[in-house]
Amino acid sequence: MYKRTCLHIFQDFSRLKYKPVFTRRAFASSYVEHLKKRNDNIILMGSPGAGKTTVGRMVAEAMGKTSIDVDNDHLEKVWGMTVAQKLTEVGSDRFIEAEGQALLQLCCNDAVISLSGSNPMHKSAMKHVQSLGAVVYLDVDDADILGRLERMKVDRIVGQNDGSTIKDILKYRKQFYETNYDIRITCEINESPERITDKVIQGVRSMETRPCYVSTRHKPVEFKENTSFLDVVLQGLAADGGLFVPAQKIPHMTLGEWSRLTQCTYQERALRILEKWISPLDLHPSLLHQMIKKAYHTNFQHREIAPVIKLNDDCYILELFHGPTASFKDLALQLTPHFFREAVNSSKNTRKYLILVATSGDTGSAVLDGFANDSSIKVFVLYPNEGVSPIQKAQMITMDNSSVDVLGVQGDFDFCQSAIKNVFNDVSFCKRLQENFGVNLTAANSINWGRLVPQVVYHASSYLDLVKKGVISMGDKADVCIPTGNFGNILAAYYSKEMGIPFDRIICASNENNILTEFFHSGVYDMRGRNLLCTASPSIDILKSSNLERFLYHVASNDAELVTKLYNSLEENGRLQISESLRKNISCKIQSGWTAQQRCLDTIKKVSNQTGYLLDPHTAVAKDVADQFTTPNKPLIISATAHYSKFAKDVLGALGKEPVSNEPLTLMRELQRLDPRPGMHKRLGNDVRRPEIHKSICQASLEAIKTTLETFLGSDRVSLTRTNKMAGEVKLRGVDTNFDHYTGL
């Protein structure tokens, strides 16, 4: 009944949805200026019974402002009668329109305005309200609100007397609150008005200055620079060679606030967590909401996006492989392109961008997929020709898009990553690219902050899922174990713990390229005399872990001078060493272990025999290391970073089923016959059917890479013709490539 009433009032439900006052392109400048000009008013929004009037008065008193309750101080004066009387006079069908028209007459300065619960349902009125100041959403749990309304005996809620329950009304109205705020205040269950007031004041004051980012190697003077979130997304790597981090402290949420997220979907959790990291002055919540909605939907093959399943005893698997390219990189790289496009649209720079990517296997295909529909952005991917699996390679070299180029290198991942950094740091070469081709360079590896921060979400979400399932209670400890190469994934777990997620041990799992294990045990990071070993877990075949630099910066109390000295030593001498006190400090925050190749393969077979669950080699590395740290009655979450079918050859070998061919389709077919759990990855099975396009391979030479890059930018290469595609598909006839019934759900 209530929903029908509102539909009758507005006729077209689709028009109810809030559209930001400013267009996307104008948002970064216009919206920020709007808030600066009208920051004298604070508007409190939320459900009936959320405490808006009480908190509004307390905020007004604390900040020396006038308190305005829209119901009592504005509507009743305009109408000359009480709200309840007006509702009785006009009925629910006409009340929201009458209320909206009255609200359009509100004009005030230096006030705290407490809206009615139905004000946000009138589009024009809400647009007017937003022009008056910053809108603060008091996000209160429905159970709290229902209890308060029952005690208050409220009888003037629109729809209440039309047969709708209060619960239905609250549920329906939430969509309007969720799309109309500038600042969300997540209220704990039974949280006091005093504490909510403090949160409101803190939130409003955070809008006074745009948060900035600094390099891990910054000089003190650089704190004065106003580098925004969108700036660092575009720039990727800092000019001094360091990595960008927030200048402010890591955001924190209380256990009570985390508890509010347990019943949320992955997308809802992502919005609430990322709002803590990304200021509305950089990216408005309404726009962030739309980005998240687009990033995590049917392109993932599991409705929970990153589900947690029980493996055995106290061991749980965080499945991060349900995205379009079957690896954990999708959890970031389906969202990062939205950040990047907004950054480009908001910048005054008319140049185009070229994304440079070094990949150990998974990042390349995830970046190519994430930016596949953006012809204005070019992507150049380097991969070690002998250092990725056949299926990983097939995912990249079959990408049919004239805006991308994929280059195999006769070297290892560390060379590819160093080559990318050297290109960034070559000022004359970058200038030549700008002058000759009109492009600016940026990165999409986890050195890019916009790529790293979305990864915090799934680690926090895994803990919340254990609480939701009743495995633990909020506040109980849980361990996490993560296969680690470039240190981005495990750094995101560290960030989630710093945010307040009660992780106990964060365990860094390495393969035979165990330089990180040695570092955490000795305090010495020594690359001298080390040769990178090619293993069955190629995505962590890395010796130079880029994101370790961010971790050291945080643990060393943001000591950029120390970080600069350490990494100058690593660049010049191939070695860095930290003090014993710092080593003990980092070892308290992250523990580490490694496993040999054969133990990894044995783990795949053992787990399959015992549970019927098939691990990929990276997850098997983590499982074997995790077994060294198990504690009875404490859950341990293992990050499953890739789908096993990406490494079909080694997985089949581990199971004692030597493949008859390295050809990707044959490998997939042999896995399919096993009827494994979890199921086959549908999208991956279809991707490997595509014909090869990018066949170029070069020597491990920086100059050769630069030449290939310039050739790519200067070429007018077009996609394969339909004829060529058909010819490529004909060669595949006779092979069963139907994976439609294996969705991995």
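Structure notes:
- Straight-distance candidates among the aspartates and glutamates for linking to Lys276, with alpha-carbon spacing under 14 Å and chain neighbours fewer than 8 residues away dropped: Asp182, Glu257, Glu268, Glu498.
- For segment 531-666, the average shadow cast by the Cα convex hull is 11.0 nm², which is a quarter of the hull's surface.
- Net charge dipole, segment 38-208: roughly 160 debye, given to the nearest 20, about the Cα centre with Cβ charges of +1 for Lys and Arg and -1 for Asp and Glu.
- For segment 175-269, diffusion coefficient by Stokes-Einstein and Kirkwood Rh (Cα), 25 °C, 0.890 mPa s, µm²/s: 152 µm²/s
- Among beta bridges that DSSP assigns inside the chain, antiparallel share in %, nearest 5: 15 percent
- Fully extended contour minus Cα-Cα distance, from Ala62 to Lys174, at 0.36 nm per residue: 37.5 nm
- Calculated SAXS-style log₁₀ I(q)/I(0) at q = 0.05, 0.06, 0.10 Å⁻¹ - the chain, Debye, Cα scatterers: -0.27, -0.39, -1.04
- Packing here is the average count of other Cβ atoms within 10 Å per residue, and on that basis the peptides 94-104, 227-237, 642-652, 199-209, highest first, run 642-652, 227-237, 94-104, 199-209.
- With an a/c value of 1.5 or above and a/b larger than b/c for the gyration tensor axes a ≥ b ≥ c computed over the alpha-carbon atoms, segment 432-514 is described as prolate.
- The charge dipole of segment 280-325, taken about its Cα centre with unit charges on the Cβ atoms of Lys, Arg (+1), Asp and Glu (-1) only, comes to about 280 debye.
- Residue order, fewest to most beta carbons within 10 Å, for Leu674, Leu354, Leu368: Leu674, Leu354, Leu368
- For segment 294-359, applying the loop criterion from DSSP together with a ceiling of 15 other beta carbons within 10 Å to the trypsin sites (Lys or Arg not before Pro) yields Arg303, Lys348, Arg351.
- Centre-to-centre, using Cα atoms only, segment 266-298 and segment 579-614 are separated by 33 Å.
- Here each label is just a point 7 Å from Cα along the line to Cβ, and for His302 and Val78 those points are 5.0 nm apart.
- Close amide H contacts of Val214 (hydrogens built in the peptide plane, cut-off under 5 Å, sequence separation of 5 or more or a different chain): Val245, Ala247.
- Net charge of neighbours whose Cβ lies under 9 Å from the Cβ of Leu230, counting Lys and Arg as +1 and Asp and Glu as -1: -3
- Taking segment 51-84 and a reference point 7 angstrom along Cα→Cβ of Arg151, the backbone N atoms nearer than 17 Å belong to 51-56.
- Trypsin sites (Lys or Arg not before Pro) within segment 684-713, DSSP loop, no more than 10 other Cβ atoms inside 10 Å: Lys695
- Burial ordering of Thr298, Thr595, Thr484, Thr535, fewest other beta-carbon atoms within 10 Å first: Thr298, Thr535, Thr595, Thr484
- Residues Val471, Val524, Val480, Val453, arranged from fewest to most other Cβ atoms within 10 angstrom of their Cβ, appear as Val524, Val471, Val453, Val480.
- Relative to the longest principal axis of the Cα atoms of the chain, the long axis of helix 52-63 lies at roughly 80 degrees.
- Backbone geometry of segment 299-308 corresponds, through the Karplus equation with coefficients 6.51, -1.76 and 1.60 at θ = phi - 60°, to 3J(HN,Hα) couplings of 6, 9, 8, 9, 5, 8, 6, 10, x, 10 Hz, x marking Gly and Pro.
- In this simple spin-label approximation, Asn373 and Ala700 carry label points 7 Å from Cα along the Cα→Cβ vector, and these lie 3.9 nm apart.
- Prolate/oblate/rounded call for segment 555-631, Cα gyration tensor, a/c under 1.5 rounded: prolate
- Cross-link pairs exceeding 20 Å between alpha carbons, from the set Lys393/Lys421; Lys378/Lys431; Lys544/Lys646; Lys421/Lys565; Lys584/Lys634: Lys393/Lys421; Lys544/Lys646; Lys584/Lys634.
- Charge sum, other residues only, whose C-beta stays under 12 Å from Ser192's C-beta, Lys/Arg counted +1 and Asp/Glu -1: -3
- The chain, relative contact order in percent, only Cα pairs under 8 angstrom and at least six apart counted: 13 percent
- Cross-link reach is defined here as a Cα-Cα straight distance under 14 Å, omitting same-chain residues fewer than 8 places apart; for Lys706 the aspartates and glutamates meeting it are Asp405, Asp426.
- ³J(HN,Hα), Karplus 6.51/-1.76/1.60, whole Hz, each residue of segment 568-581, x for Gly, Pro: 5, 5, 5, 5, 7, 10, x, 7, 9, 9, 9, 5, 5, 5
- Evaluated over segment 38-208, the count of Lys pairs having alpha-carbon atoms less than 15 Å apart is 4 (only pairs 8 or more residues apart or interchain).
- Segment 38-208: proportion of alpha-carbon pairs further apart than 19 angstrom, %: 53 percent
- Whether segment 258-310 is rounded, prolate or oblate, judged on the alpha carbon gyration tensor where a/c under 1.5 counts as rounded: oblate
Laboratory data are not the source of any read-out in this text; all were calculated from the coordinates shown. Everything quoted here is computed from the prediction, not taken from an experiment. Cβ atoms come from the backbone with ideal geometry, glycine included; neighbour counts cover every protein chain shown.
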